[in-house]
Amino acid sequence: MAKMRQCDCADRVGIEINSFKLFEEFKRFFERQVQLGIFEDVKVEKPYYIGYDSNHKKYEWYADKWYQCKCCETLWEFAYPDFPANGFIRKYPKDFL
């Protein structure tokens, strides 16, 4: 029987992406994790936050990219930088969406 590869999600924390080089490194990392069958690419279909401004106008925030670990089901948000605004990577519990 094949043993499932263990993930390191518990040891990882979120990170701010403040350079194009760092963005490229993490993009390659997530793509590789998907290729290895450790993570799966989760389609962004709904906002993770809905709010209202002072004029009661509704606004919604969507993730740029979601990935979910197939081992522990941790959900990872990958927000691309739009310099000068930084990007980030955050993790959420499996039932966040």
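The values are calculated or read from the model by the stated rules, or taken from the named source; none is laboratory data. The shown structure was predicted, so the numbers you read here are calculated from the model rather than taken from an experiment. When we count neighbours, we look across all protein chains shown, and the Cβ atoms used for this are built from the backbone with ideal geometry, even at glycine. The accessibility values were calculated without ligands, DNA or RNA, using every heavy atom of the protein model including side chains. Shrake-Rupley method; radii C 1.70, N 1.55, O 1.52, S 1.80 Å.
So here's what we get for this one:
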{"quantity": "Some residue of the range 52-62 being at pLDDT below 90 and under 16 Å from Leu97 (Cα atoms)", "calculated": "yes"}
{"quantity": "Contacts under 9 angstrom Cβ, first residue in the range 78-97 being over 17 Å from Ser19 (Cα atoms), partner of a type in the set (Lys, Arg) and open to solvent by 80 Å² or more (accessible area, probe 1.4 Å), 6 or more apart", "calculated": "Leu97/Lys46"}
{"quantity": "Residues satisfying the stated conditions in the range 22-77, i.e. basic (Lys, Arg) and surrounded by 13 or more Cβ atoms within 10 Å (Cβ to Cβ)", "calculated": "Lys27, Lys65, Lys70"}
{"quantity": "Test: Tyr48 is touching a residue at least 12 places away in the same chain (Cβ under 8 Å) and farther than 18 Å from Lys27 by Cβ", "calculated": "yes"}
{"quantity": "Residues that are modelled with pLDDT of 90 or more and farther than 20 Å from Tyr92 by Cα, drawn from the range 1-22", "calculated": "Asn18, Ser19, Phe20, Lys21, Leu22"}
{"quantity": "Residues being open to solvent by 90 Å² or more (accessible area, probe 1.4 Å) and either within 14 Å of Cys69 (Cβ to Cβ) or among the small types (Gly, Ala, Ser) (or both) - total across the range 79-89", "calculated": "0"}
